[in-house]
Amino acid sequence: MDLATLWFWIVAFLFVGYFVLDGFDFGVGMSLPFLGKDDTDRRVLINTIGPVWDLNETWVIVAGAALFAAFPEWYATLFSGFYLALLLILLALIARGVSFEYRHKRPDSKWKAWFDGMIVVGSAVPALLWGVAFANIVAGVPLDADHNFTGNLFTLLNPYALLGGLTTLLLFFTHGVVFASLKTEGDLRERARRLAVRSGLITIVVAASFLLWTGFAFGTFWFWVFAAVAALALIGGWLANLRGAEGIAFTLLAITVATAVLALFSALFPDVMPASNDPANSLTIENASSTEYTLTVMSWVALFTLPIVLLYQGWTYWVFRKRVSRASVEAAVAH
């Protein structure tokens, strides 16, 4: 395996980490109107991801930096062509982060309701648009001979891409609701489990439709392997949640997200940005990558830094592994 191919899969790994970790963050944020009967419920839900949401979000920064350094042509075409969609994602993430920090600054209910709404929108918009973006990357977009995107926002909002966006939206929502049931107690835990049962059924149908469409249109051998694992893990996660095994359900849904992302990268390989109008204009691993020297330096840096990042992430989740209860939130408010 040459270094360019290695870095293609490292970028894939970084996006796997981002979608698995920030994906359930988005799901918890989107669940506020469905699970938050009162302000205490909403505070409990927010506190389940409070210690980790910003750390989870750094994965996309690292993925973007790796993309810029390892595949500058891919980065340039992607960020220029998908500029508006990526800007909307950025604004949504900013609004979401601000809301986490400021919703508790005043006791006024309207103040909290405003920021709660921003959390919901700031979670739903990225969950939808990331799926739209990756579906378009796999399917291909119109590129000229200089690899410049020649379409517009409406070019990206095609039926296949919108189905991809709906798939990630529902998958992240269900994963987040299962996480909420894993991290809460009592009535809120049970309501989250029941909601995950209902949303999980819809997710299975929509995700199966998207994977089948992708497979028949762009599938490779490894795409079908990863897609099959994702499908089995999704069904297994739904069954585990149905039986009240939240930990197993959460793990299987994490496997679903991870293998679904790997399936998309497998369908994309060896291209990085196919040209839908003329295959000769496509960006590939070979013509989009940096020099051998750059990739060598990056490989040594990744070898030493990635294990540290993974260990720190694991330690963070271990420290904040306990469930969040209404009593603990009410006691914190009283003080």
Discussion item. Out of everything in segment 124-144 that is farther than 9 Å from G165 by Cα and among the β-branched types (V, I, T), what residue ends up being most open to solvent (accessible area, probe 1.4 Å)?
Written reply: V125
Worksheet entry | Odd one out for A161, checked against (1) of a type outside the set (S, T, Y); (2) at pLDDT 95 or above; (3) surrounded by 19 or more Cβ atoms within 10 Å (Cβ to Cβ); (4) over 30 Å from E286 (Cβ atoms) | (4)
Practice prompt. Being in contact with a Lys or Arg (Cβ under 7 Å, 6 or more places away or on another chain), over 27 Å from Y312 (Cα atoms) and of a type outside the set (S, T, N, Q) narrows it down to one of G81, G29, G36, G117, so name that one.
Written response: G36
Discussion item. I'm checking my understanding of the structure. Among residues of segment 104-123 that are over 22 Å from the mean Cα position of the chain (by Cα), of a type in the set (D, E, K, R) and part of a helix (DSSP H, G or I), which one is surrounded by the most Cβ atoms within 10 Å (Cβ to Cβ)?
Written reply: K112
Response to the item:
Residues of segment 90-134 being without any contact (Cβ under 8 Å) to a residue 60 or more places away in the chain and within 20 Å of L157 (Cβ to Cβ), in sequence order, are L90, L91, A92, V121, V125, L128, L129, G131, V132, A133
Worksheet item: Somewhere in segment 291-311, is a residue open to solvent by 70 Å² or more (accessible area, probe 1.4 Å) and not in a helix (DSSP H, G or I)?
Response: yes
Response to the item:
Going through (1) at pLDDT 90 or above; (2) within 28 Å of the chain's Cα centre (by Cα) one by one, Y293 fails only at (2)
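The rows are residues; the columns are (1) open to solvent by less than 10 Å² (accessible area, probe 1.4 Å); (2) at pLDDT 95 or above.
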residue	(1), (2)
L169	no, yes
F173	no, yes
I204	no, yes
T214	yes, yes
F218	no, no
Practice prompt. Among the residues of segment 33-46, write down those that are in a helix (DSSP H, G or I) and crowded, with 18+ Cβ neighbours inside 10 Å.
Written response: L35, D41, R42, R43, V44, L45, I46
Response to the item:
Flagged in segment 261-281 as of a type in the set (S, T, N, Q) and closer than 24 Å to L212 by Cβ, in numbering order, are S266, S276
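Does T77 fit the bill of being farther than 30 Å from I285 by Cβ, modelled with pLDDT of 90 or more, in a helix (DSSP H, G or I) and in contact with a strand residue (DSSP E or B) (Cβ under 9 Å, 6 or more places away or on another chain)?
It is false that T77 is farther than 30 Å from I285 by Cβ, modelled with pLDDT of 90 or more, in a helix (DSSP H, G or I) and in contact with a strand residue (DSSP E or B) (Cβ under 9 Å, 6 or more places away or on another chain).
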Fill in: Filtered residue count, segment 237-252, keeping only those that are open to solvent by less than 60 Å² (accessible area, probe 1.4 Å) and within 16 Å of R194 (Cα to Cα)
10
Worksheet entry | Where a residue in segment 141-160 is over 19 Å from L88 (Cβ atoms) and its partner, wherever it lies, is surrounded by 13 or more Cβ atoms within 10 Å (Cβ to Cβ) and aliphatic (A, V, I, L, M), with Cβ under 6 Å and at least six apart | L143/A275; H147/L283; Y160/A135; Y160/A139
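The values are calculated or read from the model by the stated rules, or taken from the named source; none is laboratory data. Everything numeric in this text was worked out from a predicted model, so none of it was measured. All Cβ positions, even for glycine, are placed from backbone atoms using ideal geometry, and neighbour counts span all protein chains on display. The area values use the complete protein model at the heavy-atom level, side chains included, leaving out ligands, DNA and RNA. Shrake-Rupley method; radii C 1.70, N 1.55, O 1.52, S 1.80 Å.
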